[in-house]
Amino acid sequence: MRKRPSSLWSILLKIFIVLQLFRLWTIASLGRYWNTKTIVFPEAERIRKGPYRWLRHPNYFVVMLELIIIPLMFQAYWTAAIFTICNAYLLSVRIRAEERALCLLKSPSQQGIFYVFFL
């Protein structure tokens, strides 16, 4: 038996589209500092514009909601639950590393570039 898309599919799709616009706003707010690695440049200041005024990690907020909404669009409830739990763990590791890196911005005595790579 094939599952049909959720009866809330059109609403969930609209939420998904809004999330993509939110992601673009997040990336635009970071400007030249946006990348997929954790890199802290010594001359950089912490970004406090755009969605960063309210959320410390707005792109991860988008990812978290995507991993809930997309499976729900297709009634994949187990997928939504399992992926959300796995993603929460992965983000907890990554966010801790990013927060440690961002602490370097508070300490001007630190020199060089701080990298954290995630494979």
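The values are calculated or read from the model by the stated rules, or taken from the named source; none is laboratory data. Because the structure is predicted, anything quoted here is derived from the model rather than measured. For neighbour counting, all protein chains shown are included, and Cβ atoms are generated from backbone atoms with ideal geometry for every residue, glycine included. Note: areas computed on protein heavy atoms with side chains; ligands, DNA, RNA excluded. Shrake-Rupley method; radii C 1.70, N 1.55, O 1.52, S 1.80 Å.
Taking chymotrypsin sites (Phe, Trp or Tyr not before Pro) in DSSP loop states with no more than 16 other Cβ atoms inside 10 Å as exposed sites, the chain has its longest site-free stretch at 75-116. Taking the protein heavy atoms of the chain in the context of the full set of protein chains, the accessible area attributed to carbon and sulfur is 68 percent at 1.4 Å.
Counting only whole DSSP H helices of the chain, the ones at least 27 Å long by C-alpha along their axis and with mean Kyte-Doolittle hydropathy no lower than 0.5 are 9-30, 77-106.
Per residue, the range 4-69 exposes 67 Å² of accessible surface when a 1.4 Å probe is rolled over the protein heavy atoms with every protein chain present.
Selection among N35, Y52, I95 by position relative to the dipole of the chain gives Y52 as farthest towards the positive end (Cβ unit charges, Cα centre).
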